[in-house]
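A.B. asks: I am attaching a structure below and will ask some questions about it afterwards.
The values are calculated or read from the model by the stated rules, or taken from the named source; none is laboratory data. None of the values given here were measured: they were computed from a predicted structure. Here the Cβ positions follow ideal geometry from the backbone for every residue, glycine too, while neighbour counts run over all protein chains shown.
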Amino acid sequence: MELEKQLKALSDRNRIMILRILHQHKEYGARLANTLDLTTATISHHLEILKQAGLIVEEKVGNIKYFELDHSRFDKLLQELSTFVQMEQL
């Protein structure tokens, strides 16, 4: 079920763009919204989906919530996909 949730989270272009940014560094919602030219409400929606899928983690510093890629879980997802593709090629 976790894999399905993660793949569904990756099915949106904006969420992929968010992950690309968070792969480089942690960021907060308003800056992501500005960078991607989206509303903060839209960014919050996408961040919640990514968080529920276990692909990002949240860290609150003062009043600001920072988000970053959960590298170990993302790497695990990539490994599972690689294994699946290799099995399909047999």
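A.B. asks: Glu4 - would you say it is modelled with pLDDT of 95 or more, outside any strand (DSSP E or B) and surrounded by fewer than 16 Cβ atoms within 10 Å (Cβ to Cβ)?
C.D. replies: no
A.B. asks: Count, please, the residues in region 33-70 that happen to be surrounded by 12 or more Cβ atoms within 10 Å (Cβ to Cβ) and of a type outside the set (A, V, I, L, M, F, W, C).
C.D. replies: Summing the residues that are surrounded by 12 or more Cβ atoms within 10 Å (Cβ to Cβ) and of a type outside the set (A, V, I, L, M, F, W, C) in region 33-70 gives 15.
A.B. asks: Scan region 52-70 and tell me whether some residue there is modelled with pLDDT under 95 and outside any helix (DSSP H, G or I).
C.D. replies: no
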